[in-house]
Amino acid sequence: MEEFIYFFSFKDPNIVLVVAGISLLSISAAMVGTFTFLDKKALVGDAISHAVLPGVCMAFMFAGNKNPYWIVLGAFTTGAISTYCISYISTTTKLKEDTVIAAVLSIFFGVGILLLTQLQQTGNAALSGLDHFLFGNAIAIVWEDLIVYGFIASFVIIILLVFYKEFKLIIFNAHFAESVGMPVRILRFVFNSLLVLAVVTGIQAIGVVLMAALLITPAAAARFWTNKLHVMLLLAVTFALFSGVAGAYISYVIPKMPTGPWVVMVISFLAFISFFFAKKKGMVSRWYSQRKYQKKIHMDHILKTLFLHWEKKQQGMTQGELINQFQGKASTTRQYINHLINKDHLSATEHYITLTPSGFTEAKRIVRLHRLWEVYLSKYLNLAPDHVHDMAEKMEHLLTPDLEAQLEASLDYPATDPHQSTIPRDHDV
Amino acid sequence: MTFDHNAFLIIITGALIAISCGLLGTFLILRRMAMIGDAISHAVLPGIVLAFLFSQQREGIAVIIGAGVLGIIATLIIDYLSTKIKLQHDASIGVTFTWLFAIGIILITLFAGQIDLDQDCVLYGEIAYIPIDLWILPNGTIMGPRVLYVALINVILVIFFIMYLFKELKITSFDAEFASSIGISTGIINLSLMGMVSYTTVSSFEAVGAILVLALLVVPPATAYLLTSNLKRMILYTLIIGVFTSLIGYYVAYYINGSIAGAMAGVSGIFLLFAIIYSNFAKRIIIFSKA
């Protein structure tokens, strides 16, 4: 707890440095990642993050130390080449894009590993930090790193905000953007450069192997809460920021821990929470509304069955008869019958289950919708009477009172359906 | 250059791994599942570490089972995320494997003292140490490099797998609807292919590491794919490229003094580059000169 207070009171200037650095890079990665996610190019980010490794090693060979300027330049160069390779190969050859991404990723990373191991063999003393570029070490951020990486991250954020509208249009409707005279190719080039830069900012703190997660996962999590781009960006940034700082804190408390994996753990946790519990789009709420809908359908069917029985025989059904209508669903049927009794749609006497006045109105409505839809299908779509029943079975649960009124009007209040059954209305007895 | 026994062993092992990866990779790229291969090669890591912790040995069957299980779990999670949770497919892959790989790295760091595995080994393996890691029988007979046997068993099983399910793999790769209409379950074929990919990944893991397996899975088949449109020829080319990748990769690494696995990935990239040049330019020139 003491460490926690110490860390988050920001008394230690080094901690301020680390938190500032990781916050800036998380924000820029999450923003760029949101666009690539929506552009369905999430895995290109993965390829780029692996592909910066050879550049980092070459910069190290050239400069002889971990000079951030050279590292950034090297990383940017190979990262950009890899993006170019992916788009060149997948547009000019018959290879599929995912194959190309996987191939480019592994080849560049392999070359990076070759150079890295070569450097390790030479036993350069200043090299001890080079391994950190693999899995990240936020705690090792120094003032010079912050200036370089922080500057790049801010640059990425600013450019994204300046060209927000343009990028949005390209992602959602590239053809339209082209037709209104936008320089789509140039904008794509700018965006790809920003993507590479966003990856480059993460190599020190998160590491090349897992940087992809900071691009993909915040956007994936945010997508489940909203359909609006600016809200999604804001959420993705919040998620990334939280996990970035949490990861930095963990590697502060446990010095041997690389930062990257912990950032990924936290952001993945947030993502899984979103996948399952997000309002509306989350698994649980979708499952719940689906169940609610199925329940409604089943109850509609119970009411309808009773109504049809009444139409024929003018009396109720026994509970056993009613349950027998729904083969294999006896227990749910029994449960819903009780539910309908509680809602005062049904009443159970000694022998029979009958519709109450309110249940009768409701059942009549369902049967009416069913039959009206049958009339509509046969009249306007010229379907044969024996083909209309199944479709009407679905629509009877969906038609709203508005649509019902329109149907009635456009069909001129028909008296019977195509099977010559009367269409029941509220004013008749 | 004189005959170097150790070099020979390393090249043979590399070639065997390249063959099993190439055979499976052919079907992966035909099914547009190259990135699933990437995901699996990352995702087996926690399985390996956990199995390692429980069984306390590196060469045990437990490690292979652990990795195989994790590989299949990863496939199922990706499938679940994209079909049930309705997350777009590429993001499902990205989220799943980065998460599992992060777990693996954290486990390795946490139990660094207890297991003989480190981050370097995970990334690029230790194929150079194959000749000194010997399989010794209880009575003291030296049978030869242990990893060579592991790779050999893997190759044999992969070849059996491909031969036994060749028709099913082929049909499900090219026409999934037709396959299901004649009663071949694409889902089961997929899962068994993923199981084999996981097993191959882990069996090659010690030699070439988790990420560079991907190069061998994807790049030689992609190269062959550019050179032919006949499946059997594609497999043949893949095998030839795989063997040469191992051979040349070893010598490149030897002269640069770096990781052999990394060099193999680089060499496979050069083959791919030639194939791209061939398919984009040479073909056009040939057609042009004929016309």
Tell me, what HN-Hα J-couplings in whole Hz come from the Karplus equation 6.51 cos²θ - 1.76 cosθ + 1.60 at θ = phi - 60° for each residue of the range A:65-72, using x for Gly and Pro? 8, 8, 4, x, 5, 5, 4, 4
Using DSSP to call loops (not H, G, I, E or B), can you name the GluC sites (Glu not before Pro) in the range A:280-361 whose Cβ has at most 10 other Cβ atoms within 10 angstrom? A:GLU350
Report the net charge of residues surrounding A:ALA47, where surrounding means a beta-carbon distance below 15 angstrom and charges are Lys +1, Arg +1, Asp -1, Glu -1. -3
Reach of A:LYS304 by Cα under 18 Å, taken over aspartates and glutamates that are not fewer than 8 positions away in the same chain: A:GLU321, A:ASP344, A:GLU362, A:GLU374, A:ASP390, A:GLU393, A:GLU396, A:GLU404, A:ASP417, A:ASP426, A:ASP428
For B:SER259, list long-range residues whose amide hydrogen, built 1.01 Å from N in the peptide plane, is under 5 Å from its own amide hydrogen. A:THR117, A:GLN118
Total Lys pairs in the range A:17-215 closer than 30 Å by alpha-carbon, pairs eight or more apart in sequence or interchain only? 10
Once Rh for chain A is found with the Kirkwood sum over Cα pairs, what is the Stokes-Einstein diffusion coefficient at 10 °C and 1.306 mPa s, in µm²/s? 60 µm²/s
Sequence order, the range A:156-167: Karplus ³J(HN,Hα) from phi using 6.51 cos²θ - 1.76 cosθ + 1.60, θ = phi - 60°, Hz rounded, Gly and Pro as x, gives 4, 4, 5, 4, 4, 5, 5, 9, 3, 4, 5, 5
Under the rule of at least 5 residues apart or a separate chain, name every residue whose amide H is placed under 5 Å from the amide H of B:LEU134. B:ARG146
Can you put B:GLU206, A:GLU144 in order of accessible area, largest first, using a 1.4 Å probe? A:GLU144, B:GLU206
For a test of the definition: using alpha carbon positions, the gyration tensor, and the 1.5 limit on a/c, classify the protein assembly as shown as rounded, prolate or oblate. prolate
Judged on accessible area alone, 1.4 Å probe, highest first, B:PHE274, A:PHE37, A:PHE176, B:PHE161 line up as B:PHE274, A:PHE176, B:PHE161, A:PHE37
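What pairs in A:LYS313/A:LYS364; A:LYS343/A:LYS394; B:LYS84/B:LYS167 have C-alpha atoms more than 19 Å from each other?
On the way: A:LYS313/A:LYS364 16 Å; A:LYS343/A:LYS394 24 Å; B:LYS84/B:LYS167 30 Å.
Violating the 19 Å limit, Cα to Cα: A:LYS343/A:LYS394; B:LYS84/B:LYS167.
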Using each residue's phi in the range A:294-300, evaluate 6.51 cos²θ - 1.76 cosθ + 1.60 at θ = phi - 60° and report the 3J(HN,Hα) Karplus result to the nearest Hz, with x for Gly and Pro. 5, 5, 4, 4, 5, 5, 4
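In debye, nearest 20: dipole of the protein assembly as shown around its Cα centre with unit charges on the Cβ of K, R (+) and D, E (-)?
1100 debye
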Lys/Arg +1, Asp/Glu -1 at C-beta; the range B:71-205 dipole; positive extreme among B:GLY195, B:ILE93, B:GLY183: B:GLY183
Of the chymotrypsin sites (Phe, Trp or Tyr not before Pro) in the range B:1-92, which ones lie in a loop per DSSP and count no more than 14 other C-beta atoms within 10 Å? B:PHE3
Run the simple label-point estimate for A:VAL162 and B:ILE277 please: 7 Å along Cα→C-beta, distance reported in nm. 4.0 nm
Rel. contact order, % - alpha carbon contacts under 8 angstrom, at least six apart, the range A:297-355: 39 percent
Amide H neighbours of A:ALA205 at under 5 Å, excluding residues fewer than 5 places away on the same chain, with H built from the backbone geometry, are A:ASN137
Under 20 Å by backbone N from the virtual spin label 7 Å along Cα-to-Cβ at A:ARG286, the residues of the range B:34-77 are B:74-77
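Per the helix-only calculation at 222 nm, which mean residue ellipticity applies to chain A, given -39500 (n - 2.57) for every DSSP H run of n ≥ 4 and division by its residues, nearest 500 deg cm²/dmol? All intermediate terms of the calculation are to be shown ahead of the outcome.
Working: 19 runs with 313 residues, N = 429.
Helix-only estimate at 222 nm: -24500 deg cm²/dmol.
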Mind ranking A:TRP225, A:TRP262 by accessible surface for me, highest first, 1.4 Å probe? A:TRP225, A:TRP262
Trypsin sites (Lys or Arg not before Pro) restricted to DSSP loop in the range A:338-368 with at most 16 other C-beta within 10 Å: A:LYS343
Contact order relative to length of the range B:157-219, as percent, for alpha carbon pairs under 8 angstrom and 6 or more apart: 19 percent
Just read off the accessible area of A:VAL148 with the full protein assembly in place, 1.4 Å probe, to the nearest 10 Å². 10 Å²
For the range A:358-429 versus the range B:149-183, the gap between their alpha-carbon centres in whole angstrom: 54 Å
Separation of alpha-carbon centers, the range B:217-291 and the range A:22-94, rounded to whole Å: 24 Å
Given the whole protein assembly as supplied and a 1.4 Å probe, what does the accessible area of A:LYS11 come to in Å², nearest 10? 150 Å²
How much accessible surface area, in Å² rounded to 10, belongs to the heavy atoms of A:HIS351 with a 1.4 Å probe? 130 Å²
At q = 0.17, 0.31 Å⁻¹, work out log10 I(q)/I(0) for the range A:366-411 with the Debye formula, treating every Cα as an identical point scatterer and leaving solvent out; two decimals please. -0.40, -1.19
With the contact rule set at Cα under 8 Å and sequence spacing of 6 or more, what percent relative contact order holds for chain B? 29 percent
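The values are calculated or read from the model by the stated rules, or taken from the named source; none is laboratory data. Worth saying up front: this structure is predicted, and the values here are computed from it rather than measured. Every residue, glycine as well, gets a Cβ built from its backbone with ideal geometry; the counts of neighbours run over all protein chains shown. Areas reflect the complete protein model, heavy atoms only, side chains present, ligands, DNA and RNA absent. Shrake-Rupley method; radii C 1.70, N 1.55, O 1.52, S 1.80 Å.
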